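The values are calculated or read from the model by the stated rules, or taken from the named source; none is laboratory data. Small disclaimer: the values here were computed from a predicted structure and weren't measured. FYI the Cβ positions are ideal-geometry reconstructions off the backbone, even for glycines, and counts take in every protein chain you see.
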Amino acid sequence: MHARILLKTDQEAQGPAWTDQQIAQALSIGTATVERVRRRFVEGGFLDALVRRPQPERPNHPTPTVKNTLKGHMCAPSPVIFPLGPTNKFC
């Protein structure tokens, strides 16, 4: 995707020289992504703009805080009365 962005932003005589909005619309991405790739190209060069930066490792499971928040929402009284009783077995 970054390579396609860089190709569309080419300002040379033969380049398309598209605007950020034109690129974002053509590639179905946000203009912030186009801006970020352009900035990385200017500040760090071609390879920095082309290669994705390593992403921080994220946990594969919810943290205890998230679990407690979800359980609180799931166990809260419902405004809808179910004729068969509570459907949530986690509470």
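Checked against the criteria, Ala32 does not count as surrounded by 13 or more Cβ atoms within 10 Å (Cβ to Cβ) and closer than 30 Å to Lys8 by Cβ.
Which members of the range 6-25 meet the condition of being surrounded by 12 or more Cβ atoms within 10 Å (Cβ to Cβ), in a helix (DSSP H, G or I) and touching a helix residue (DSSP H, G or I) at 6+ places or on another chain (Cβ under 7 Å)? The answer is Leu6, Lys8, Asp20, Ile23, Ala24. Out of everything in the range 56-66 that is at pLDDT 85 or above and either touching a helix residue (DSSP H, G or I) at 6+ places or on another chain (Cβ under 8 Å) or part of a loop (DSSP other than H, G, I, E, B) (or both), what residue ends up being surrounded by the fewest Cβ atoms within 10 Å (Cβ to Cβ)? The extreme case among them is Pro56. Every condition in (1) at pLDDT 85 or above; (2) surrounded by 11 or more Cβ atoms within 10 Å (Cβ to Cβ); (3) within 23 Å of the chain's Cα centre (by Cα) is met by Thr69 except one, and the failing one is (3).
Going by the structure shown, is Ala3 under 22 Å from the mean Cα position of the chain (by Cα) and exposed (fewer than 13 other Cβ atoms within 10 Å of the Cβ)? Quick ask: steps written out before the conclusion?
Numbers: under 22 Å from the mean Cα position of the chain (by Cα): yes; exposed (fewer than 13 other Cβ atoms within 10 Å of the Cβ): yes.
Criteria met by Ala3.
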